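Asks: Can you keep this structure in mind? I'll have questions shortly.
The values are calculated or read from the model by the stated rules, or taken from the named source; none is laboratory data. In this text, all values refer to a predicted model and were calculated from it rather than measured experimentally. Methodologically, a virtual Cβ is constructed for each residue, glycine included, from the backbone with ideal geometry; neighbour enumeration extends over all protein chains shown.
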Amino acid sequence: MRKTDPTEHSEPVSVLLVDDDSFMRHALRVSLSARGYVVDEAENGEEGIQAITQRPIDLVLLDVNMPGIGGVGACEAIRALRPNTGILMLTVRDGEEFIVAALEAGADDYITKPFRFGELVARMRAVERRIRSEAPSAVEILRTGQLEMDLKRRTLKKAGREVRLSPTEFNLLAYLMRRPGVPVGHTKLLRAVWGPEYGRELEYLRTYFKMLRKKIEDDPANPQYIVTEPWLGYRLQDPSRPRAHTPEPEKDALEDPE
């Protein structure tokens, strides 16, 4: 019996491929179309930004090294225009400095060229899961301090004012809000939010929590909601309540310093 892929949907996934290499665009378009994706193309960042404003796009494959605005600049613009669109960056670089820059620009993930097509599809499906994830819970509203998260509508408010989050930011914060006061390890967070293929990408967590703190903390340099647990992971606390005994941490943590 054929197993159902959790990323398969009744509606095909629309992909925008932004790359100045016409051979790469053609090869990916043919291969992705054969997998059932609906693929559009743009040859530079400016065209990609224009395309994203004209029609709904589920996932953007965005090359980094392009003339003009470039991949990182295009990523920032696309994320501002379409907070719920997945962005996967294609790059020849994989240093931590670049990874942080890409994630801070709004990318959900990246893949280094040259890559195998199967690896690309796996990364795309991981991003799809995060974009389309629904909370299979009877609880629809989560509250911690001044934060109120609506799991059904996928919205977050702080003191009644809406805070705009990307899909990955939402999923990461939701995971902690479901476990208030509980320290959660790096590995567990990565696998729960990014997928089972992940586990050692600590720079992902550092970058995303830095962005989340800017959005929800009164003083991001002195966080009161998202607390770092040294050598372990992170914990969400209610700043309006005195800190009680810390519960036992969830297992499967990486023993790396923050």
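Matching residues to (1) within 26 Å of Val38 (Cα to Cα); (2) in contact with a Phe, Trp or Tyr (Cβ under 8 Å, 6 or more places away or on another chain):
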{"position": "Glu119", "(1), (2)": "yes, no"}
{"position": "Arg130", "(1), (2)": "yes, yes"}
{"position": "Asp150", "(1), (2)": "no, no"}
{"position": "Arg179", "(1), (2)": "no, no"}
{"position": "Val184", "(1), (2)": "no, yes"}
{"position": "Val193", "(1), (2)": "yes, yes"}
{"position": "Glu203", "(1), (2)": "no, no"}
{"position": "Lys210", "(1), (2)": "no, no"}
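Asks: Name the pairs whose Cβ atoms lie under 7 Å apart, with the first residue in region 207-230 and over 18 Å from Ala174 (Cβ atoms), the second of a type in the set (Phe, Trp, Tyr), and 6 or more positions between them or separate chains?
Replies: Pairs found: Thr228/Tyr234.
Asks: Could you count how many residues in region 149-177 are more than 24 Å from Leu59 (Cα to Cα), buried (at least 17 other Cβ atoms within 10 Å of the Cβ) and out of contact with any helix residue (DSSP H, G or I) (no Cβ under 7 Å at 6 or more places or on another chain)?
Replies: Final tally of qualifying residues: 2.
Asks: Determine which single condition Val60 fails, assuming it passes every other condition in (1) under 17 Å from Ile111 (Cβ atoms); (2) among the aliphatic types (A, V, I, L, M); (3) part of a helix (DSSP H, G or I).
Replies: (3)
Asks: A further question follows. Being among the aromatic types (Phe, Trp, Tyr) and assigned to a helix (DSSP H, G or I) is the filter; apply it to region 94-123 and report the residue that is farthest from Ile49 (Cα to Cα).
Replies: Here the residue is Phe117.
Asks: Another question, then. Can you tell me which residues in region 222-258 are modelled with pLDDT under 85 and touching a helix residue (DSSP H, G or I) at 6+ places or on another chain (Cβ under 8 Å)?
Replies: Glu250, Lys251, Asp252, Ala253, Leu254, Asp256, Glu258, listed by residue number.
Asks: Sticking with this one: For region 83-93, state whether one or more residues are modelled with pLDDT of 90 or more, in the same structural domain as Asn44 (by TED's automatic domain parsing) and in a helix (DSSP H, G or I).
Replies: First, the residues of region 83-93 that are modelled with pLDDT of 90 or more: 85-90.
From what is left, the residues that are in the same structural domain as Asn44 (by TED's automatic domain parsing) are 85-90.
Then keep just the ones that are in a helix (DSSP H, G or I); that gives none.
No: region 83-93 contains no residue that is modelled with pLDDT of 90 or more, in the same structural domain as Asn44 (by TED's automatic domain parsing) and in a helix (DSSP H, G or I).
Asks: Name, by its number, the condition in (1) more than 21 Å from Gly195 (Cβ to Cβ); (2) assigned to a strand (DSSP E or B); (3) among the aromatic types (Phe, Trp, Tyr) that does not hold for Phe23.
Replies: Phe23 satisfies all of (1) more than 21 Å from Gly195 (Cβ to Cβ); (2) assigned to a strand (DSSP E or B); (3) among the aromatic types (Phe, Trp, Tyr) except (2).
Quick grid of which residues meet (1) under 15 Å from Leu17 (Cβ atoms); (2) crowded, with 22+ Cβ neighbours inside 10 Å; (3) within 16 Å of the chain's Cα centre (by Cα); (4) β-branched (Val, Ile, Thr):
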residue: Asp58; (1), (2), (3), (4): yes, yes, yes, no
residue: Met66; (1), (2), (3), (4): yes, yes, no, no
residue: Gly70; (1), (2), (3), (4): no, no, no, no
residue: Gly73; (1), (2), (3), (4): no, no, no, no
residue: Pro83; (1), (2), (3), (4): no, no, yes, no
residue: Gly86; (1), (2), (3), (4): yes, yes, yes, no
residue: Gly95; (1), (2), (3), (4): no, no, no, no
residue: Leu103; (1), (2), (3), (4): no, yes, yes, no
